[in-house]
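Data first, discussion second: the structure below is written as structure tokens.
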Amino acid sequence: MSGSVAEIRMDPEEVAPLLEELRSRPFLNGRYDAFQDEPSTWTAIPERAARCLESMRRREHPVAAVIRGIPIDDEAIGATPLDWSDPTFRQRTQHLELLAVAFATSLGEAFAWDRQQDGRVVHDVFPIKEHADQQINSASTMRITWHVEDAFHPHRPDYVMLLCLRNPQRAATTFSLADDWDLPDHVVDELFTPQFRQLPDISHSIDVAETEPRALLFGDRRHPYVCGDPYYLSPVDERLQAVLNQWYSEVERTMRDMVLCPGDLLILDNYRAVHGRAPFEALYDGRDRWLKRLCVSRDLRRSAAAWVQGNRRLLDSTALASTAVVNA
């Protein structure tokens with residue numbers, strides 16, 4: 001792995017005692033606020049992984065990390081679901097969700113959107129037949145275009161975490177790091193200028209005709225932050241399409257493929273990387289690709305205006321106004 005992408009291979013025995021304790025927890029039905037607030041949660045994960053994630057948070061290095069070796073009992077987790085209507089698969093995998101939340105506490109706080117998967121903190125990502133050719137993470141034959149997660153929202157996550165339970169198709173998760181991009185100065189100038197409109201992706205079910213122009217890059221020009229989702233993006237002026245095309249080409253040039261295997265946990269800095277997924281052929285036979293996904297915020301105080309009924313870990317997708325600027 002490069003200096004901006006860390007890899008940690010754990011012995012399954014490093015996390016086995018913690019997983020055993022988490023299996024004994026009563027079913028929480030995805031409501032993990034009390035668990036996140038337990039002091040023991042913050043110190044539960046193996047020290048090597050905790051140091052890596054602490055470095056991501058404090059030093060913004062590495063930009064991506066993959067932690068391998070989390071034990072997955074393929075038989076015990078049961079069949080890959082066909083849709084979200086059956087609650088039993090969440091009971092079978094709660095201990096893995098709690099483990100992912102424990103990792104997240106080294107970065108900040110895991111949170112949910114009110115319009116995604118019934119407001120659950122941990123999302124299940126698996127193919128749904130009706131979504132096969134849509135631009136949504138439950139698709140399969142459709143390539144998921146690279147993007148910043150929830151790029152349309154001022155309170156988008158700082159980090160995205162993907163825990164692989166099953167991936168027999170070996171579908172690659174794709175990502176590109178902003179520090180790898182080599183763009184001409186005039187293109188960077190344009191991308192740093194607020195002249196692009198970003199619409200919500202369809203997973204949030206928000207009908208917004210137009211949004212305020214924003215920049216796609218911001219911060220330090222040498223190590224920029226990024227905020228964009230090209231599939232739902234448009235420039236305010238047609239002349240800027242050439243700029244976008246140069247940016248798109250550079251991102252594609254620097255794209256990396258990572259095939260996640262059962263027990264792999266990928267963590268991406270959502271301000272310094274974009275990610276997507278290669279297409280694959282789903283069989284809908286109970287053996288398809290299955291991931292758990294978390295969104296993590298470094299500081300949920302920034303999102304207070306979007307808290308749903310005072311719940312700091314449940315955000316209103318439609319609360320697009322912010323006391324902070326979008327690129328903050």
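Considering only residues that are under 21 Å from T93 (Cβ atoms), of a type in the set (S, T, N, Q) and open to solvent by 10 Å² or more (accessible area, probe 1.4 Å), which ones fall in the stretch 118-140?
If the condition is that a residue be under 21 Å from T93 (Cβ atoms), of a type in the set (S, T, N, Q) and open to solvent by 10 Å² or more (accessible area, probe 1.4 Å), then N137 is the only one that fits.
How many residues does the stretch 273-301 contain that are among the hydroxyl-bearing types (S, T, Y) and open to solvent by less than 20 Å² (accessible area, probe 1.4 Å)?
Taking the stretch 273-301 and keeping what is among the hydroxyl-bearing types (S, T, Y), we get 284, 297.
Next, only the ones that are open to solvent by less than 20 Å² (accessible area, probe 1.4 Å) stay: 297.
Residues meeting the conditions: 1.
Since L99 meets every condition but one in (1) open to solvent by 60 Å² or more (accessible area, probe 1.4 Å); (2) in contact (Cβ under 8 Å) with a residue 12 or more places away in the chain; (3) more than 20 Å from Y284 (Cβ to Cβ), which condition does it not meet?
(1)
Under the condition of being among the hydrophobic types (A, V, I, L, M, F, W, C) and open to solvent by 20 Å² or more (accessible area, probe 1.4 Å), which residue from the stretch 219-241 is farthest from the chain's Cα centre (by Cα)? Even if it seems obvious, please write down each step before you answer.
If we filter the stretch 219-241 for residues that are among the hydrophobic types (A, V, I, L, M, F, W, C), which is where we start, we get 226-227, 233, 236, 240.
Now drop any that are not open to solvent by 20 Å² or more (accessible area, probe 1.4 Å), which leaves 233, 236.
Values: L233: 19, V236: 28 Å.
Restricting to residues being among the hydrophobic types (A, V, I, L, M, F, W, C) and open to solvent by 20 Å² or more (accessible area, probe 1.4 Å), the top hit is V236.
If I ask for residues that are touching a Gly at 6+ places or on another chain (Cβ under 7 Å), over 17 Å from D118 (Cα atoms) and in a helix (DSSP H, G or I), which ones from the stretch 62-99 would you list?
R92
I'd like the residue in the stretch 208-232 that is modelled with pLDDT of 95 or more and of a type in the set (G, A, S) and, out of all such residues, is nearest to H186 (Cα to Cα).
Among residues in the stretch 208-232 that are modelled with pLDDT of 95 or more and of a type in the set (G, A, S), the one nearest to H186 (Cα to Cα) is A215.
Out of R115, R143, R156, R170, which single residue is open to solvent by less than 10 Å² (accessible area, probe 1.4 Å) and of a type in the set (D, E, K, R)? I'd like the intermediate steps shown before the answer.
Details: R115 fails: open to solvent by less than 10 Å² (accessible area, probe 1.4 Å); R143 fails: open to solvent by less than 10 Å² (accessible area, probe 1.4 Å); R170 fails: open to solvent by less than 10 Å² (accessible area, probe 1.4 Å).
That would be R156, the only listed residue that is open to solvent by less than 10 Å² (accessible area, probe 1.4 Å) and of a type in the set (D, E, K, R).
Among the strands (runs of 3 or more DSSP E) contained in the stretch 244-328, which hold 1 or more residues that are in contact (Cβ under 8 Å) with a residue 40 or more places away in the chain and closer than 17 Å to W146 by Cβ?
Numbers: elements: 256-259, 265-269, 273-277, 290-297, 311-315.
It comes to 256-259, 265-269, 273-277, 290-297.
Of the residues T193, T211, which is open to solvent by 20 Å² or more (accessible area, probe 1.4 Å), in contact with a strand residue (DSSP E or B) (Cβ under 7 Å, 6 or more places away or on another chain) and not in a helix (DSSP H, G or I)? Talk me through it step by step, then tell me what you get.
Details: T193 fails: in contact with a strand residue (DSSP E or B) (Cβ under 7 Å, 6 or more places away or on another chain).
Every option except T211 fails the conditions.
I'd like the full set of residues that are without any contact (Cβ under 8 Å) to a residue 60 or more places away in the chain and under 16 Å from I67 (Cβ atoms), limited to the stretch 13-48.
Listed by number, the residues that qualify are E13, E14, A16, A44, P46, E47, R48.
Does the stretch 160-172 contain any residue that is of a type in the set (S, T, N, Q) and in contact with a helix residue (DSSP H, G or I) (Cβ under 7 Å, 6 or more places away or on another chain)?
no
The values are calculated or read from the model by the stated rules, or taken from the named source; none is laboratory data. Remember, it's a predicted structure, so these values are computed and weren't measured experimentally. Virtual Cβ from ideal backbone geometry, glycine too; neighbours counted across all protein chains shown. These area figures cover heavy atoms from the full protein model, side chains too; ligands, DNA and RNA do not enter into them. Shrake-Rupley method; radii C 1.70, N 1.55, O 1.52, S 1.80 Å.
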